[in-house]
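What follows is a set of notes on a single structure, which appears directly below.
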Amino acid sequence: MAADLRDPVRSALDAVLGTVREVHGGAVASYIPELAKADPDALGVALVSTRGMLHDAGDAGAEFTIQSVSKPFAFALAVDTFGIDEVTKHVGLEPSGEPFNAISLEPATGRPLNPMINAGAIVITSLLGGPDADADAKAAVVRTGLERFAGRDLVLAQDVYASEASTGDRNRALAYLTRSAGTLGATAEIATDAYFRQCSLLVTARDLAIMAATLANGGVNPVSGERVVGKDAARWTTAVMTSCGMYDASGTWLVHVGLPAKSGVGGGIVALQPGQFGIGTFSPPLDAQGNSVRGVAMLQELSTRFDLHMLEHRGAQLSPIASLERSDVGGETVAVLRGDLKFAGAEEVLTRLAPLVGDDGCLVLDFSAVTRVAEGARRVLSGVPERVGLTADGRPRVVIRDPEGVLERRDPA
Ligand code: GLN
């Protein structure tokens, strides 16, 4: 039988699983008693591209509770519904450098420092569904939203929910504190009940990869094709994951792995590279920060092996000027531009070609080989022919040739 062309990706994921099986240490969470029953040897990984292709290995279909991996998605729903200005009246955007369950509120405003720690996440859940919604209604808004991110129905793990509800006094304390500071959007009982249900939804590594790929894809689920949140909400969420997603390990994580991510005490981690892919990992034993030991190891291995660090210097880009030809007819120079034109590409075009624009020559900017003009490039280029005006004999100094209309084509909002 012929080899499947996708085998290299799958075997790369298999190889990563093989490597991290050698990694030991950590302990399955037990402060929520029901979580202590998790299989410490379960190990899975899934990767979904922003074109909706799925690759997985190991126990990628095994179910576990989403726990804190739900937090960025609930935040995305909140900022998409209420706007970032309204949401940040209730929750800050600063890394706390403290554990996920820290009792910490900004002294001046009473806001939790960020939406990735429990205090901030409980406030986010309290806002969803609006001030009049009860716990059932808020939990339903969260579940429906998370289902759209995952592209399938999600089931509540009743036993984990009951276990967390009966032992969740620290989270109740956080809710009462934020309530008294005026930042909680519901009563403490409603907010924590909805939050416990949010954390107890069952997912797989595959679901997490699709959810992360939805953020990587600007808010559109690449498998179902459904827009779940707007582009702004996806970007804001990815930014908060970058600065706060791994709690008090976020700085080290950013240096060594370099992908926006979020962990949960059920053993899941999501990570993504905007415009490229989402990854979900599953392995229950946790380190001291509450991050999955083997999940961190898998993502570090993937990042190093495949050069995925988001701040990696990718080398000089291909010049956006494919060719420059001077024709004998009227001293006209034709510059053929190419590729995906971003701000720096537009800057290069204008700076390099400026000396060719004068009283005796005119410049044709040919966009026929340009695949996309990013908003920043469009702003730099817009109105250039009008601004540079006419030659001495009345011809336009700059002419735009754009047969496909790429200059007018905007990215979806
Ligand atoms: N439900 C868990 C809690 O509130 C979530 C914590 C986590 O996953 N880090 O304690």
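The values are calculated or read from the model by the stated rules, or taken from the named source; none is laboratory data. Computed from a predicted structure; not experimentally measured. Cβ atoms come from the backbone with ideal geometry, glycine included; neighbour counts cover every protein chain shown. Please note that ligands, DNA and RNA were not included when accessible areas were found on the heavy atoms of the full protein model with its side chains. Shrake-Rupley method; radii C 1.70, N 1.55, O 1.52, S 1.80 Å.
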What is the chain's relative contact order, in percent, from Cα pairs under 8 angstrom and six or more apart in sequence?
17
Under the Karplus curve 6.51 cos²θ - 1.76 cosθ + 1.60, θ = phi - 60°, whole-Hz ³J(HN,Hα) for segment 286-294, x wherever Gly or Pro sits:
10, 8, 5, 8, x, 9, 4, 4, 6
Over segment 58-138, relative contact order from alpha-carbon pairs under 8 Å, at least 6 apart, %:
28
Karplus (6.51, -1.76, 1.60) ³J(HN,Hα), θ = phi - 60°, over segment 263-280, in Hz, Gly and Pro reported as x:
10, x, 6, x, x, x, 9, 10, 9, 8, 10, x, x, 10, 6, x, 10, x
Have a look at the DSSP beta bridges in segment 320-413 and tell me what percent are antiparallel, nearest 5.
30
Counting only DSSP beta bridges with both partners in the chain, the antiparallel fraction in percent, to the nearest 5, comes to 70
Choose one answer from Pro320, Pro99, Pro403: the residue with the largest mean-square fluctuation in a GNM of the chain with alpha-carbon springs under 10 Å.
Pro403
Students sometimes get this wrong: rank Asp328, Asp153, Asp134, Asp193 by accessible area, probe 1.4 Å, all chains present, largest first.
Asp328, Asp153, Asp134, Asp193
Kindly rank 273-282, 259-268 from highest to lowest mean number of other beta carbons found within 10 Å of each residue.
259-268, 273-282
Report the net charge of residues surrounding Val406, where surrounding means a beta-carbon distance below 14 angstrom and charges are Lys +1, Arg +1, Asp -1, Glu -1.
0
If Lys and Arg each add +1 and Asp and Glu each add -1, what is the summed charge of the other residues whose beta carbon sits under 15 Å from the beta carbon of Pro396?
-3
Just want to confirm a number: the relative contact order over segment 1-137, from Cα pairs under 8 angstrom separated by 6+ residues, in percent.
16
Would you work out the charge dipole size for segment 28-156 about its Cα centre, treating the Cβ of every Lys and Arg as +1 and the Cβ of every Asp and Glu as -1, and quote it to the nearest 20 debye?
200
Which lysines have a Cα less than 21 Å from the Cα of Lys262, not counting those fewer than 8 places away in the same chain?
Lys71, Lys231
Provide the packing ranking of 26-34, 240-248, i.e. peptides ordered by the mean count of other C-beta atoms within 10 Å per residue, highest first.
240-248, 26-34
Estimated dipole of segment 225-324 in Debye, rounded to 20 [Cβ of Lys and Arg +1, of Asp and Glu -1, Cα centre]
180
Where does each of Val399, Val406 land when they are ordered by accessible area, with a 1.4 Å probe and the largest first?
Val399, Val406
Any residue on another chain or 5+ positions along whose placed amide H is under 5 Å from the amide H of Ala322 is listed here as Val336, Leu337, Arg338
Could you check which residue among Ser180, Ser303, Ser368 shows the biggest mean-square fluctuation in a GNM of the chain with a 10 Å Cα cutoff?
Ser368
Carbon and sulfur: what percent of the chain's accessible surface (1.4 Å probe)?
55
Relative packing of 287-297, 65-75, 337-347, which averages over residues the other C-beta atoms within 10 Å, highest first:
65-75, 287-297, 337-347
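So, for the chain, what is the accessible surface per residue at a probe of 1.4 Å, expressed in square angstrom?
I get 43 Å² per residue for the chain.
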